[in-house]
Each structure stands twice: as C-alpha cells, then as structure tokens.
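Chemist: One structure coming up, written as structure tokens, with questions to follow.
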Amino acid sequence: MTEPAVAVAGLRRDYDERPALGGVDVSLRQGESLLVVGPNGAGKTTLLRILATLLRPSSGEVRVLGAQLPAEAWKVRGRIGLLGHEPLLYRDLSGRENLRFQARLHGLRGEAAEARISELLAAVEMDRRADDRVTELSAGMRQRLAVCRCVLHEPELLLLDEPDSNLDASGRALAGELIGSRSDRTRVLVSHDPERYRREADRTLELGPGGRVAAA
Amino acid sequence: MTPSRAAFAAILAKDLRAELRTLQSLPAMALFAVTTFVIFRFGLDRTQLSGSLAAGVLWATLLFAAILGINRLFVAEREEGGFDAIRLAPIDRSALFAAKATALVAYLVAVELVVVPVFALFFLDSAAPLPPLALVLLLADLGLAATGTLISSMAVNSRARDLLTPLVLLPLVVPLSIAATGALEPLLAVGGPGYHRFGTWLAVLGLYDLIFLLVGYAVFDFLLED
C-alpha cells in the first residue's frame, strides 16, 4: 500500500497564546484533492504554510510526500508548488526574468528551462507581456504568472490558496489546465467558495473558528 | 538539491539586475556620503585632513552610507515574497546569505569608487594613499557586509527596521571600525602614506571578516525559520 501524500494527525499551531489550528487530522492519497473551507481566521492559510514547510507546527504529526515535517523539510522542498495570497514575484523584474530566477533556484537551466518557461507563458496567454515588469501588470496577469511559477518545477503536491483570485473567466480556464483536477497532481485547495471546487475535491476539511475541525 | 553555486549566482544576478534597474540604494548611498563630506568640510572649516581625523571622517561617512544600503538589502524579499519563494526551493539557504553579502560588497565598492576620490579632492593633497587605502576598504567592506547582511535579515521583519539596523549593527562593528581607522590613519598621515602597524590592522580586519562570515554561514538558516 502506498504511503499517503499528506498525513496530518493532531496538528496544532498557536501564535503566541492564540490557537490558529486546533487538532487537525487529515490524510490524502497521491493524486487526490482536498478542499479546505472555513471562515476567516479558521487557520486555512496556516495549514497550507505548514504543509509547504514555511511554518513549524506547535505540536502534532505532519508527513508530506513521505517526509516528516519540520525535521525532514529539506527532502520535500522543490517537490511542492505553493500558490498563495501573494504572487511571490519581484515587481522590478519581468515575468520571464522572475520565472528564470525560479527555474535556476529549482535546478532548471539552459534550453530546457527556456522551453518550459515559454510553454507555461503560452499556456496562460502571457507570452506577449512576459517581458514587461511585474509592476506594470494587472493583478490578474500577476496571478497568471504566479500559476506559472507554482508549476514551473513540476511539483508533485500543489498547495493552492484561493487560486482563482483576480482571474477572469478566461484566466480561470487557462489556469485550470495547469493546476486543476486534470493536472493529476495531489492538491490541497483553500477556498471561500466551496461550491466551485466541491465537485473536483475527493475530500473536504471544514475548519471552524480557532482552527477547530468542524467536519471532515 | 540545486547546487549552492547555481543558487548563489541566481540570487546575486537577480539582486544586481534589480538594483541597476531601479537604482534604489546606490545613488542614495553616494549622495549621502558626498553631502557628509561637504558638511565636514564646512563644519570643520578645514581644506586638508590627515591622520586619525581624516581616517575617522572617511570611515564614519562610509559606515553611515552603508547603513542606507543595509536597510534595503532584504526589503524585496520581505515585501514581494522572495523569502517564501527562496525557502520553497531545494537550496542551501546559506547561498542567500552569501549572495546578499556579495551584493552588498559590490554596492559598497561601487559607492567608494565614486566617493573616495571626492574625499581625496576635498581633504587630501595627493592621491598617493589611495591604492593601499583601497585594500583596507575592501577588507572592511567584507566585514561590514557579513555583519550587515545578518542584521538586515533579522531587522527586515520589524516595522522599526530603520531604527533597529543601526542600533544593533553599530555596536557590532566597533572592532571593525577600530581596525579600519587604525589601518587608515598612517596611510593618511601628513607627508605621505606610512605603514606603522599596517599589517597588524589588516590582520585584525581579516580576522573580523572570517569570524562574521563563518557566523553568518552557520546561523543564517535558523534566521529564516518562522
């Protein structure tokens, strides 16, 4: 039996005295999608950041792609794609320069990197504006670039926090090809609009105020 | 894991490209230094400086100009999500420290190429001390970059970073300042450069550089944790 892509047991995270996540248990097989829903302040983004190795849990067990977090975080960096509230793009560089920078950090170089970048830019219809500085682009265009950044290194696990933010209908459709259910990757999706993603999610985790699990 | 050399080169190239495109730090640092020399010239009412006074004026001006650049060193990483993007990549995080410190050395050298000749024009009667002075400044720049990169990476997460950086950095660079001015003083002596205890001060500068580069390499990974 294959190991789950994500296995979380009794996960807690506190910010000083305030609990952000209170005892989350969830498991996700490879290729499955988990939808995380809940009101503001329920700890959805905190959960994603812990799975992305960017935050340490206060207590509990977290295994991602076979690695125990946070001790073995180095094993999964480079195998995760995070699409968060911020596009994680440098404003004074162009979209293409940002993607080249990310490609080099992930060990992609030369013609292979250029081909992958061009392919992704074309996939989100940003090839014509790829050499404009990010600061000159609209929020929706930045989000399209952020989608490219997220999947550039072919991650096995996608962590998507409101992935449709700022995207128009065309942008949503194009991004869906890269990060949607047809991408065949394991996905953890956070959304305020559960109905939009309910159909493509294999499981749903509902968080309540203070990160308590309301339903799973 | 991406090789550290590739990560270092990528981060350094990104920083230098962004600075050359926006010129957010270099002109401010150079302008600050030149303005300070003008203030010293009229404040001291002297057209020539030598010895410890010249060394003090030059080093203090360069140090405070450097703080302007150090304050901004990690602003893009903080405000544009660079920290997260870099922490998600399969790289040794000390590559970020090495790249930022190297970028800072590049900024300091670029500023000194402009402002040290201005200092010589304002206060020296010959250019003879400039070649050995360049060696002292390069060693001092390495130490300042190592310490400044460490402090800047910690201070950038605070809203009071503009206050925090000088308050924490200045006490840490007291030994560096003593060694730098100690080495500069005989070079700027009346009657041409001398080399009294020059080698000793260079060794102290080198030792300071080594200690803070090693400290930075050892602790930087922990500084990036949440």
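Readers should treat all values here as calculations from the given coordinates under stated rules, not as data from a laboratory. Predicted, not measured: the structure shown is a model, and the values here were computed from it. Because the Cβ atoms are built from the backbone with ideal geometry, glycine has one as well, and the counts that use them run over all protein chains shown.
Chemist: Estimate the FRET efficiency between A:S59 and A:H85 by the formula 1/(1 + (r/R0)^6), using the beta-carbon distance for r and 25 Å for R0, to the nearest 0.05. All intermediate terms of the calculation are to be shown ahead of the outcome.
Modeler: Details: r = 26 Å, r/R0 = 1.03.
So the FRET efficiency works out to roughly 0.45.
Chemist: Explain nothing, just the number: dipole magnitude of region A:6-215 about its Cα centre with +1 on each Lys and Arg Cβ and -1 on each Asp and Glu Cβ, in debye rounded to the nearest 20. Intermediate results must be reported in sequence, preceding the final value.
Modeler: Values: 32 positive and 31 negative charges, 77 e Å.
Here the size comes out at about 380 debye.
Chemist: Output the direction-averaged projected area (hull surface divided by four) of the convex hull of the alpha-carbon atoms of the protein assembly as shown, in nm². If you can, show how the numbers build up before the last one.
Modeler: Working: hull surface 93.8 nm².
Value for the protein assembly as shown: 23.5 nm².
Chemist: With θ set to phi - 60°, apply the Karplus curve 6.51 cos²θ - 1.76 cosθ + 1.60 along region B:197-212 and write out the HN-Hα couplings as whole Hz, x wherever there is a Gly or Pro.
Modeler: These are the phi-based 3J(HN,Hα) values: 6, 4, x, 4, 5, 5, 5, 5, 4, x, 5, 4, 4, 4, 4, 6 Hz.
Chemist: What is the set of long-range amide H partners of A:A5 at a cut-off below 5 Å, with H atoms built 1.01 Å from backbone N?
Modeler: A:L28, A:R29, A:Q30
Chemist: Here is a further query. State the Kirkwood hydrodynamic radius of region B:103-195 in Å, one decimal place, computed from all pairs of distinct Cα atoms. Write out the running numbers ahead of the final one.
Modeler: Details: mean 1/r = 0.0685 Å⁻¹.
After inverting the mean inverse Cα-Cα distance, the result is 14.6 Å.
Chemist: Between beta-carbons, use under 14 Å as the cut-off and find the net charge around B:G81, counting Lys and Arg +1, Asp and Glu -1. Intermediate results must be reported in sequence, preceding the final value.
Modeler: On the way: positive: A:R49, A:R91, A:R142, A:R149, B:K14, B:R78, B:R87; negative: A:E86, A:D92, A:D161, B:E77, B:E79, B:E80, B:D84.
Residues close to B:G81 contribute a combined charge of 0.
Chemist: In degrees from 0 to 90, rounded to the nearest 10, what is the angle of the helix A:139-151 Cα long axis to the longest principal axis of chain A?
Modeler: Taking the Cα atoms of chain A, the angle to A:139-151 is about 70 degrees.
Chemist: Sticking with this structure for a sec: Let's test the formula: R0 of 25 Å, r as the Cβ-Cβ distance of A:H192 and B:R78. What FRET efficiency results, to the nearest 0.05? Numbers along the way, then the final one.
Modeler: Working: r = 26 Å, r/R0 = 1.06.
The computed FRET efficiency comes out at 0.40.
Chemist: May I ask for the net charge around B:D141, where only other residues with Cβ less than 13 Å from the Cβ of B:D141 are counted and Lys, Arg are +1 while Asp, Glu are -1? Mind dumping the intermediate values first?
Modeler: Details: positive: none; negative: B:E112, B:D209.
Counting the neighbours of B:D141, the net charge comes to -2.
Chemist: Residue by residue through region A:164-171, which ³J(HN,Hα) values in whole Hz follow from phi under the Karplus form 6.51 cos²θ - 1.76 cosθ + 1.60 (θ = phi - 60°), with glycine and proline marked x?
Modeler: 8, 3, 6, 8, 7, 4, 5, x
Chemist: Contour minus end-to-end for A:R199 and A:R212, with contour as 0.36 nm per residue of separation and end-to-end as the Cα-Cα distance? Walk me through the numbers on the way to the answer.
Modeler: Working: separation 13, 0.36 × 13 = 4.68 nm, distance 2.39 nm.
Extending this stretch completely gives an extra 2.3 nm.
Chemist: Then there's this: Rounded to the nearest whole Å³, what is the per residue volume of the convex hull around the Cα atoms of chain B? Before the final figure, lay out the partial values.
Modeler: On the way: hull volume 26.3 nm³, N = 226.
So the per-residue hull volume is 116 Å³.
Chemist: Within the set of other residues whose C-beta is less than 15 Å from the C-beta of A:E111, count the net charge using Lys and Arg as +1 and Asp and Glu as -1.
Modeler: On the way: positive: A:R96, A:R100, A:R104, A:R109, A:R116; negative: A:E114, A:E119.
Spelling it out: positives minus negatives among the neighbours equals +3.
Chemist: To continue, here is another question. About the Cα centre of region A:132-216, what is the dipole size in debye to 20, counting +1 per Lys and Arg Cβ and -1 per Asp and Glu Cβ, all else neutral?
Modeler: Details: 13 positive and 15 negative charges, 19 e Å.
That gives region A:132-216 a dipole magnitude of about 100 debye.
Chemist: Please list, in order along region A:21-28, the HN-Hα scalar couplings obtained from phi with the Karplus expression 6.51 cos²θ - 1.76 cosθ + 1.60 (θ = phi - 60°), rounded to whole Hz, x for Gly and Pro.
Modeler: Residue by residue, region A:21-28 yields 9, x, x, 8, 10, 7, 9, 9 Hz.
Chemist: Right, something else. Quick one: helix B:94-123 against the long Cα principal axis of chain B, what's the angle to the nearest 10°, folded into 0 to 90?
Modeler: 20 degrees
Chemist: Now for a different question. Please work out the FRET efficiency for the pair A:E72 and A:R109, using the Cβ-Cβ distance as r and a Förster radius of 22 Å; give the result to the nearest 0.05. Provide the component values of the computation, followed by the final result.
Modeler: Working: r = 26 Å, r/R0 = 1.20.
Step by step, r from the Cβ atoms, then E = 0.25.
Chemist: Sticking with this structure for a sec: Plugging the Kirkwood radius over Cα pairs into Stokes-Einstein for region A:6-215, at a temperature of 20 °C and a viscosity of 1.002 mPa s, what D comes out in µm²/s? Walk me through the numbers before you get to the answer.
Modeler: Numbers: Rh = 17.5 Å.
It comes out at roughly 122 µm²/s.
Chemist: Can I ask one more? Relative contact order (percent) for chain B, with alpha-carbon contacts under 8 angstrom and 6 or more residues of separation? It would help to have the intermediate numbers written out before the result.
Modeler: Values: 251 pairs, mean separation 66.7, N = 226.
After rounding, I find 30 percent.
Chemist: Related question: Return the long-range amide H neighbours of A:V190 (sequence gap of 5 or more, or a different chain), with a cut-off of under 5 Å between placed amide H atoms.
Modeler: Amide H neighbours of A:V190, under 5 Å, 5+ apart: A:V36, A:L160, A:D161, A:E162.
Chemist: At 7 Å along the Cα-to-beta-carbon direction for both B:A28 and B:A128, put a label point, then send me their distance in nm to one decimal.
Modeler: So the label points at B:A28 and B:A128 sit 4.0 nm apart.
Chemist: Output the 0 to 90 degree angle, nearest 10, between the alpha-carbon long axis of helix B:26-44 and the longest principal axis computed from the alpha carbons of chain B.
Modeler: So the inclination is approximately 30 degrees.
Chemist: Still on this model: Would you calculate a helix-derived [θ] at 222 nm for the protein assembly as shown, using -39,500 (n - 2.57) for each DSSP H run of n ≥ 4 and dividing by the full residue count, to the nearest 500? If you can, show how the numbers build up before the last one.
Modeler: Values: 17 runs with 245 residues, N = 442.
Roughly -18000 deg cm²/dmol at 222 nm, from the helical runs in the protein assembly as shown.
Chemist: Something else: Sequence-distant or interchain residues sharing an amide H contact under 5 Å with A:R56, placed H: which?
Modeler: Amide H to amide H, under 5 Å and 5 or more residues apart or across chains, A:R56 pairs with B:D226.
Chemist: About the Cα centre, and with charges only on the beta carbon of Lys, Arg (+1) and Asp, Glu (-1), how big is the dipole of the protein assembly as shown? Nearest 20 debye, please. Let's see the in-between values first.
Modeler: Numbers: 46 positive and 49 negative charges, 26 e Å.
For this selection, approximately 120 debye.
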